[in-house]
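Values in this text are rule-based calculations from the coordinates and carry no lab data. Predicted model, so just to flag it, every value in this text is computed and none were measured. Here the Cβ is made from the backbone with ideal geometry for all residues, glycine too, and neighbour counts use every protein chain on show.
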Amino acid sequence: MNSVEIAIKMERDAVDFYTKCAEKTDSPIGKKMFLSIADDERRHIACANKVVRGMGFEPSKTTPKQNVKTIFEKNKKTLSNKVTATTDDLEALTIAMQMEKEGVEFYRKAAAAASTPQEKALFECLIKEEQEHYSIFENSYSLLSDTSNWYMWDEHAIYEG
């Protein structure tokens, strides 16, 4: 199996995992976030398949962070309440962060060893997007594990005690 085929398998595994996370979480925003990232991973598969067929691909015009930011902006009223999370939600985010971190490491090695310019471009694109996924999951973990501090530091809110 070559690096692009491995990437396709990794991305399929990610789609499955994030879809299951969306099904399990009680948070409507969490569901949308996981489904949005699963869609990114599906797009990654489509891009990798184009490279396998010797075709070029075009990176998305929007970034994962832009997509998730839109989800959070559309659901601001829900976020204004204290966010609670289950242990399963936090564990899913921890696993997701690890998956994304391992993906970035694999794609860096694959980019360095790429045999064609299309492969190199694919892996560089995947590195960037997987790093954004990691950042999204890290921020979500922070929100769910310590909501008050998340608002203070990430939203620059000032709470009166």
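Computed quantities for the displayed model
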item	result
Footprinting exposure proxy for 136, 45 (fewest neighbouring C-beta atoms within 10 Å first)	45, 136
Length gained when the stretch residue 108-residue 42 is fully extended (0.36 nm per residue, less Cα-Cα span)	21.8 nm
Packing-based exposure ordering (other Cβ within 10 Å, fewest first) of 125, 21	125, 21
Projected label distance in nm at residue 5 and residue 20, using a 7 Å step from Cα toward the beta-carbon	2.5 nm
Gain on full stretching of the segment that runs from residue 94 to residue 128 - 0.36 nm per residue minus C-alpha separation	10.3 nm
Residue order, fewest to most surrounding Cβ atoms within 10 angstrom, among 91, 58	58, 91
